[in-house]
Protein chains: 2
Amino acid sequence: MAENELPSSTEHEEKLERLLTIAAEIFAEKGYHHASIRDLSKRAGTSLSGLYYYFDSKEELLFMIQDRSLRKVLAALRIKLEGVDSAEEKLRALVHNHVGFFSENMAAMRVITHEYDSLEGEYRTRITELRREYSDLCQEILREVRRFTSAGDVAPLNVATSALFGMMNWIYAWYTPGSNVPVERLAEHLYRLFTGGFIGRPGKSSTGRKAG
Amino acid sequence: MAENELPSSTEHEEKLERLLTIAAEIFAEKGYHHASIRDLSKRAGTSLSGLYYYFDSKEELLFMIQDRSLRKVLAALRIKLEGVDSAEEKLRALVHNHVGFFSENMAAMRVITHEYDSLEGEYRTRITELRREYSDLCQEILREVRRFTSAGDVAPLNVATSALFGMMNWIYAWYTPGSNVPVERLAEHLYRLFTGGFIGRPGKSSTGRKAG
DNA sequence: AGGTTCCCCGATCGAGCGTTCGATATAACA
DNA sequence: TGTTATATCGAACGCTCGATCGGGGAACCT
């Protein structure tokens, strides 16, 4: 049982990380339920049974992918928020962080948005908490933006938060990194669309700086 | 083989429609691959083999759900667009139609956004065409809005289109019909968020009319 | 009465699944 | 040299799945 052990060897951790990356790709391609551990064993070049030395079950595999990715994106955001005072710049940092992380970990992020319901019980609970933590942080930033700008209440805060996440998360359905729209520009587009709107405020950019 | 027959009896069509509705619910709950025809047989009160009189395969079932729903939402939109001249009102009709249809056919729409990749070959091709048709129609409306309003090019049209669909489709991840936010108001919120932005244009509503 | 079409069923098949088990090779430690 | 922990493997188990097949009853027509 790999329950409470901490082999803590670098090699072990590295191989686990590699398995998680490959697993995320397979889950992203075929979906969690349709993907098989045998797929993973083939692509990782390991035997089927040998994999179970690194995790206890397929569901734990799914949990670890989501757990680690959510923690990473949250930690990266908190670092980027340090020292930023302007509410609008905080929101800007959030969008760029989320979109940037998304494009660099496309498979994992797709698994997070696509296979949330595939988790059950304790696993589900813990991922729900992380998601809530992230969502709450985002909503608080939106509250700040509303307080310190001319923003009226065009929509309730939770609706606005969900709309923002919808815009950002939907990327996986159409965006291919390395296309003619670079990631930074895509993030800036989405930030301006969300803050200023498609029709926009005539005569004044929402951030006061030029595009690109 | 139910290949080219047209039983065209009302009873037959009604039972098929009922099966599709139940199947959409099961697919929405458990995901396409995890759901089983046996689940459908239990919930429909029919034998397992008896179901195959109404469809040839599980994948055809998935195809029919997506095909019929997409055609319905497209047809409803085209009707609502008739006689509307203002570009902004066309966009408004699109958002209300999409969100409204979404909330009334939550299961089917979830299947459409969630299980698109589960289709293969000819089925996949035909759904791709329908999606493209819908997406193109939306993009043309956005082009009109840009032409006839003060809208600058805050984002490329395809990015804006995808962002809009992201906002609308993400609903399935958080919205529960019958909550304290009625569907019409939710649609209006999203419409205003998208056109005017979260911060909004001070002093002027995007449509020139009051809320509600 | 005989024939045909529509509708439905129980039984079953072959395939694939997640997981387990016992064995084994290697390397570190006593 | 024996012991132990780490890491890997082939084979198998028990189960669920989508799909098929042959049969049969009810309704309708000739």
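Considering only residues that are away from chain B (no Cβ under 11 Å) and free of Cβ contacts under 8 Å to residues at least 40 places away in the same chain, look in region A:122-137 and name the one that is surrounded by the most Cβ atoms within 10 Å (Cβ to Cβ).
Selected residue: A:ARG124.
Checking B:GLY50 against (1) farther than 30 Å from A:ALA28 by Cβ; (2) outside any helix (DSSP H, G or I), which single condition isn't satisfied?
Just one mismatch for B:GLY50, condition (2).
Pull out all pairs, ordered by first then second residue, where Cβ-Cβ is under 7 Å, the residues are six or more apart or on different chains, the first lies in region B:103-121 and is over 21 Å from B:PRO177 (Cβ atoms), and the second is aliphatic (A, V, I, L, M) and part of a helix (DSSP H, G or I).
Pairs that qualify, where the first residue is over 21 Å from B:PRO177 (Cβ atoms) and the partner is aliphatic (A, V, I, L, M) and part of a helix (DSSP H, G or I), are B:TYR116/B:ILE127; B:SER118/B:LEU62; B:LEU119/B:LEU62; B:LEU119/B:ILE127.
Show the residue pairs meeting these rules: Cβ distance below 8 Å; 6+ apart or different chains; first residue within region B:45-57 and under 16 Å from B:GLU14 (Cβ atoms); second residue in a loop (DSSP other than H, G, I, E, B).
What qualifies is B:TYR53/B:ALA2; B:TYR54/B:ALA2; B:PHE55/B:ALA2.
Check whether at least one residue in region A:141-154 is at the interface with chain B (Cβ under 8 Å from one of its Cβ atoms) and among the aromatic types (Phe, Trp, Tyr), and report yes or no.
No, there is no match, as no residue in region A:141-154 is at the interface with chain B (Cβ under 8 Å from one of its Cβ atoms) and among the aromatic types (Phe, Trp, Tyr).
Are any of the residues in region B:160-177 at the interface with chain A (Cβ under 7 Å from one of its Cβ atoms), in contact with a Pro (Cβ under 9 Å, 6 or more places away or on another chain) and without any contact (Cβ under 8 Å) to a residue 12 or more places away in the chain?
No - not one qualifying residue is present in region B:160-177.
Only one of A:ARG78, A:ARG92 is within 14 Å of another protein chain (Cβ to nearest Cβ) and either more than 13 Å from DNA strand D (Cβ to nearest atom) or in contact (Cβ under 8 Å) with a residue 12 or more places away in the chain (or both). Can you tell me which? Give the derivation first.
Working: A:ARG78 fails: within 14 Å of another protein chain (Cβ to nearest Cβ).
Just one listed residue meets the conditions, A:ARG92.
Give the residues of region A:107-127 that are in a helix (DSSP H, G or I) and within 23 Å of B:VAL111 (Cβ to Cβ), sorted by residue number.
First, pick out the residues of region A:107-127 that are in a helix (DSSP H, G or I): A:107-114, A:121-127.
Across region A:107-127, the qualifying residues are A:ALA107, A:MET109, A:ARG110, A:VAL111, A:ILE112, A:THR113, A:HIS114, A:ARG124, A:ILE127.
For A:HIS33, which of the numbered conditions (1) more than 10 Å from DNA strand C (Cβ to nearest atom); (2) in a loop (DSSP other than H, G, I, E, B); (3) closer than 30 Å to A:THR161 by Cβ fails to hold?
With (1) more than 10 Å from DNA strand C (Cβ to nearest atom); (2) in a loop (DSSP other than H, G, I, E, B); (3) closer than 30 Å to A:THR161 by Cβ applied to A:HIS33, the lone miss is (1).
Taking region B:53-69 on its own, how many of its residues are assigned to a helix (DSSP H, G or I) and not hydrophobic (A, V, I, L, M, F, W, C)?
7
Just to be sure before I move on: is A:GLU140 more than 16 Å from DNA strand D (Cβ to nearest atom), exposed (fewer than 15 other Cβ atoms within 10 Å of the Cβ) and either β-branched (Val, Ile, Thr) or assigned to a helix (DSSP H, G or I) (or both) in the structure I sent?
On the way: more than 16 Å from DNA strand D (Cβ to nearest atom): yes; exposed (fewer than 15 other Cβ atoms within 10 Å of the Cβ): yes; either β-branched (Val, Ile, Thr) or assigned to a helix (DSSP H, G or I) (or both): yes.
The answer is yes for A:GLU140.
Confirm whether B:LEU40 is under 30 Å from A:GLU120 (Cα atoms), near DNA strand D (Cβ under 10 Å from one of its atoms) and either out of contact with any strand residue (DSSP E or B) (no Cβ under 6 Å at 6 or more places or on another chain) or without any contact (Cβ under 8 Å) to a residue 24 or more places away in the chain (or both).
Answer is yes for this residue.
Read the figures in this text as sums done on the coordinates, not as results from a lab. All of these numbers come straight from a predicted model, not from anything done at the bench. Because the Cβ atoms are built from the backbone with ideal geometry, glycine has one as well, and the counts that use them run over all protein chains shown.
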